[in-house]
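Okay, structure first, notes after.
The values are calculated or read from the model by the stated rules, or taken from the named source; none is laboratory data. Bear in mind the structure is a predicted one, so any value in this text is a computation, not a measurement. Here Cβ is always computed from backbone atoms with ideal geometry, including for glycine, and neighbour counts include all displayed protein chains. Note: accessible area is taken over every heavy atom of the protein model, side chains too, but ligands, DNA and RNA are not part of it. Shrake-Rupley method; radii C 1.70, N 1.55, O 1.52, S 1.80 Å.
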Amino acid sequence: MAGVWKRTKVSSCGLLSNHRYLCKKAMMFRAMDSTRVCKKPQRKPINDNLKRKRTDSRSEPQDAEVSNHQKCQNKSPAAHVTESPQEVSVPRDTWEMDSGFSESSARSSPSPTAVVALDCEMVGTGPHGRFNELARCSILNYHGDVLFDKYVKPCRPVTNFRTRWSGIQRHHLKDAMPFAQAKEEILSILEDKVVVGHAVSNDFDVLGIVHPAHMVRDTVTTRYLACLAGFPRPRGSSLKVMANKLLNRRIQVGKRGHCSVEDARASLDLYKLVEDKWEGHLQSVQRGEDHNRPNMAASMEEFMQDQYWPQHLTADCQGAELVGDAD
């Protein structure tokens, strides 16, 4: 009897545990069903909206599509950016003319549209032709295309045409452009531009203009071209010699004199040879990263030594030190 009671007790315990297991399973399934039911109402409005948009777009007439297309064409670029967030705006390669360099751009050189080459031919006016006046001006863009090349009539009578060097003859100035008009056109071209030239300060003087120093690239003063050519000095080399040495190009030959277009193109090509190093150095100087500057603190410390002071001051100081030691 006792054995039978034990077996029934064991079986009842097994049934009870199975019942608990089944109850847990049932509760789990109910919880999953409830979560699915809760999620369905959230998806349904989205699907309904999508269906509604598709049906509306299909039901719109063709004229409405044409009008919408015209509206899109008439919208400004800013409207396109706001309505299509997937489009990524790419920063343009700009060159800020107020500082000479663009901080937003990774380029160390100005953009090609911001660089021009300048060269002028001059004649002599006044007694013995000692005064320089403009007779021809040529301006090229970065690619060597001519932007301006005209003969200019000097303000005073010409006493020396300097044809051997300038290439200017009397008939060139017969119907030449007046100086005031030429200067106005030249200024409009050079505005906000990096000007390349050889001894270009002489050209600015004869034009009577002042161009920002950080926007001037004078090939006669840079040490990069002198080092590239193997010259001992960075200054004083003529454009003819540098073009022959670095460009393997013969210019300013013959009896017809110089050609301002040819000289401007030679200066531009010389600039391109060292453009990256030159512009990179100027950019580092602007950021204050020039390591060739003298150390002002060290210079002041050296200046404070006794050898740079007057003798009567150093004698008084030494006498005061002796008196202090005696005390």
Legend entry - Subset of the range 247-280 (residues that are within 16 Å of residue 223 (Cβ to Cβ) and open to solvent by less than 40 Å² (accessible area, probe 1.4 Å)): 270, 271, 274, 275, 278, 279, 280
Legend entry - Candidate set: the range 209-221, residues that are surrounded by 15 or more Cβ atoms within 10 Å (Cβ to Cβ) and touching a Lys or Arg at 6+ places or on another chain (Cβ under 9 Å); chosen: the one nearest to residue 179 (Cα to Cα): 211
Legend entry - Of all residues making up the range 149-177, the number that are in contact with a Cys (Cβ under 8 Å, 6 or more places away or on another chain) and surrounded by fewer than 18 Cβ atoms within 10 Å (Cβ to Cβ): 2
Inset, instruction - Inspect the range 200-221 for any residue being among the polar types (S, T, N, Q), more than 16 Å from residue 278 (Cβ to Cβ) and in contact with a His (Cβ under 6 Å, 6 or more places away or on another chain) and give the result as yes or no. - result: no
Legend entry - Selection count where residues are in a helix (DSSP H, G or I), within 24 Å of the chain's Cα centre (by Cα) and not β-branched (Val, Ile, Thr), scope the range 169-200: 3
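In the range 207-243, which residues are part of a loop (DSSP other than H, G, I, E, B) and under 12 Å from residue 196 (Cα atoms)? Break it down stepwise before answering.
Here is the first cut: in the range 207-243, the ones part of a loop (DSSP other than H, G, I, E, B) are 208-212, 219-222, 230-238.
211, 219, 220, 221, 222, listed by residue number.
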